[in-house]
Amino acid sequence: MPVGSRWGRSFAASSFETFCRIKSSIVAIKNENDNLSLARALVVAVATLEKDPDRRYIRDGGDLQRRKAFVLCRQADVNLEKGATYENI
């Protein structure tokens with residue numbers, strides 16, 4: 001008797017990081033101790049929705065994602081030095 005799809009069995013033993021790498025619909029935001037996780041997530045979402053030509057590089061993290069997160073915070077006049085709160089969302 002069938003027990004489910006092939007993917008369900010193969011993902012059951014994998015780690016969360018492996019699962020996120022395989023699934024293109026999931027973007028894991030890497031925290032680099034800069035308290036910009038919320039801004040980074042918003043930057044990735046906007047780049048994906050607007051089909052930004054650099055969205056692949058933005059999804060991968062790194063300097064471009066960080067710079068765009070800083071610009072977003074400046075434009076929104078939000079200071080995330082101590083982390084984000086519900087007010088920032």
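Computed from the coordinates by the stated procedures, all read-outs in this text should not be read as laboratory data. This is a predicted model, so every value here is computed, not measured. FYI the Cβ positions are ideal-geometry reconstructions off the backbone, even for glycines, and counts take in every protein chain you see.
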Relative to the present Cα-Cα distance, how much length would full extension add between ASN31 and ASP52 at 0.36 nm per residue of separation? 5.3 nm
Spatially proximal lysines relative to LYS30 (Cα-Cα < 21 Å; intrachain offsets below 8 disregarded): LYS68, LYS82
At each listed q (0.16, 0.24, 0.27 Å⁻¹), what is the log10 of I(q)/I(0) that the Debye formula gives for the range 6-76 modelled as equal alpha-carbon point scatterers? -0.60, -1.03, -1.21
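Given an 8 Å cut-off on Cα distances and at least 6 residues of separation, report the relative contact order of the range 6-76 as a percent. Let's see the in-between values first.
On the way: 42 pairs, mean separation 18.4, N = 71.
It comes to 26 percent, rounded to a whole number.
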Within the range 13-66, report the trypsin sites (Lys or Arg not before Pro) that DSSP leaves as loop and that have at most 13 other Cβ atoms within 10 Å. LYS23, LYS30, LYS51
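What does the net charge come to around SER24 if you take all other residues with beta carbon closer than 11 Å to its beta carbon, with K and R at +1 and D and E at -1? Could the numbers behind the result be given before it?
Working: positive: ARG21, LYS23, ARG56, ARG59; negative: none.
Around SER24, the charge tally is +4.
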